[in-house]
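Below is one structure, written out as structure tokens; comments come after it.
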Amino acid sequence: MNATALIAEDEPLLAQALAAELARAWPGLRVLATVGDGASAVAQALALKPDVLFFDIRMPGQTGLEAAAELAEEWPEGSNFPALVFVTAYDQYAVQAFDAQAVDYVLKPVQAARLQKTVAKLQQALAQRSQSSPAGQPLEATLSQLRHLLAGQSAQTAPAPLKVIQASVGTAIRMVPVDEVTYFEAADKYVRVLTADHEYLIRTPLKELLPQLDAQAFWQVHRGTVVRAAAIDSVTRDEAGKLHLALKGRAEKLAVSRLYAHLFRAM
């Protein structure tokens, strides 16, 4: 069976080893590109549209899981999302999480026998997809898997819920009660903290802040946006089918990515 693949692995020797083992296990697989970071993985996957993705979990900038989530958000409507395989050093939590979500994985260093099983699963999945699955359907299953994996990753290191945000304002530090925050938004090296009346900047990355927030009170609606659920006034869908949130006390609207659109299905 012929297919194409993209490898995202920041250690060149491990990337070469995986490519060599794949050549032996699956002669019909053509590796279109090998990249070393999450941003490049997303860009190349969108450009090349491979059939299979091999994403290392730990990469500079973005984890493989975060890169996969961003790619799923950006993937064209109606196109089959690539079959996804995570590459990881042995980690009991990661392995259990992947097994629970039926996401395939390859452990480092790559073992030929284990890779053969992965190849067999991929070939079966691609064959079934081409015969029976409507375009775009596998993406919904992938979105659900990624949501669970991302949530599990956050819960693994979650401390007690944060009560106050410490934001620098000139030479002072403003103590902003979390209950007053309308939403958080990633902005370059900062996170914008928006209340009904003010905006503050903090240096804590959103992915570090998220596990410290009460998941019942704050909902992630985009990879760069977390909103207080009680501050949402209404949800509308535009002509392209994209969801947008109107907020209480603020004029702007917030886009909802497809990864989190399930939060707003009618009850």
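Each reported figure results from applying straightforward, stated rules to the coordinates on display, with no laboratory input. The shown structure was predicted, so the numbers you read here are calculated from the model rather than taken from an experiment. Here the Cβ positions follow ideal geometry from the backbone for every residue, glycine too, while neighbour counts run over all protein chains shown.
Each of HIS198 and ASP238 was given a label point 7 Å from its Cα along the Cα-to-Cβ line. The distance between the two points is 3.2 nm. With the simple spin-label model, which puts each label point 7 Å out from Cα in the Cβ direction, the ALA112 to GLN92 separation comes to 3.1 nm. Distance between the pseudo-spin-label points of GLU180 and ARG58 (7 Å out from Cα toward the beta carbon): 4.0 nm. Counting only alpha carbon atoms, the long axis of helix 38-48 and the longest principal axis of the chain meet at about 60°.
Which net charge results for the neighbourhood of ALA15, defined as the other residues with beta-carbon distances under 9 angstrom from its beta-carbon, given Lys and Arg at +1 and Asp and Glu at -1? That works out to -4. Phi angles of region 258-263 translate, via the Karplus equation with coefficients 6.51, -1.76, 1.60 and θ = phi - 60°, into HN-Hα couplings of 5, 5, 10, 5, 4, 5 Hz per residue; Gly and Pro are given as x. Specify whether the C-alpha gyration tensor of region 3-156 places it in the rounded, prolate or oblate class, a ≥ b ≥ c being the square roots of the eigenvalues: rounded for a/c under 1.5, otherwise prolate if a/b is larger than b/c and oblate if not. Judged from the Cα gyration tensor, region 3-156 comes out rounded (a/c under 1.5). Indicate the gyration tensor shape class of region 164-264 (rounded, prolate or oblate), computed on the Cα atoms with a ≥ b ≥ c the square roots of the eigenvalues: a/c under 1.5 is rounded; otherwise a/b larger than b/c is prolate and the rest oblate. It comes out prolate by the Cα gyration axes.
The longest part of the chain holding none of the exposed loop GluC sites (Glu not before Pro), meaning those outside H, G, I, E and B in DSSP with at most 15 other Cβ atoms within 10 Å, is 78-238. When TYR183, TYR190, TYR200 are arranged by Cβ crowding within 10 Å, least crowded first, meaning fewest neighbours, the order is TYR190, TYR200, TYR183.
What net charge is computed for the residues neighbouring ASP233, neighbours being all others with C-beta under 13 Å from the C-beta of ASP233, Lys and Arg scored +1, Asp and Glu -1? Counting the neighbours of ASP233, the net charge comes to +3.
Each Lys or Arg adds one and each Asp or Glu subtracts one; over the other residues with Cβ under 9 Å from the Cβ of HIS244, this totals +2. Quick one: work out the % antiparallel among DSSP beta bridges in the chain, nearest 5. The antiparallel fraction comes to roughly 60 percent.
Note on ASP37, ASP91: ascending count of other Cβ atoms within 10 Å places them as ASP91, ASP37, the fewest first.
The simple Förster model, with R0 at 22 Å and r as the Cβ-Cβ distance, assigns VAL164 and ALA251 a FRET efficiency of 0.25. A Förster distance of 25 Å, applied to the separation of the beta-carbon atoms of GLN16 and LEU46, puts the FRET efficiency at 0.55. Values of log10 I(q)/I(0) for the chain across q = 0.13, 0.14 Å⁻¹ run -0.90, -1.01, by the Debye formula with one identical scatterer at each alpha carbon and no solvent. Legend: distances between Cα atoms for LYS163/LYS242; LYS163/LYS248; LYS121/LYS207; LYS49/LYS108; LYS163/LYS189; pairs beyond 27 Å are LYS163/LYS242; LYS121/LYS207. Counting beta carbons within 10 Å around each of MET1, MET175 and listing the fewest first gives the order MET175, MET1. Under a 5 Å amide H cut-off, with hydrogens placed 1.01 Å from N, ILE165 pairs with VAL176, VAL178 among residues at least 5 apart or on other chains.
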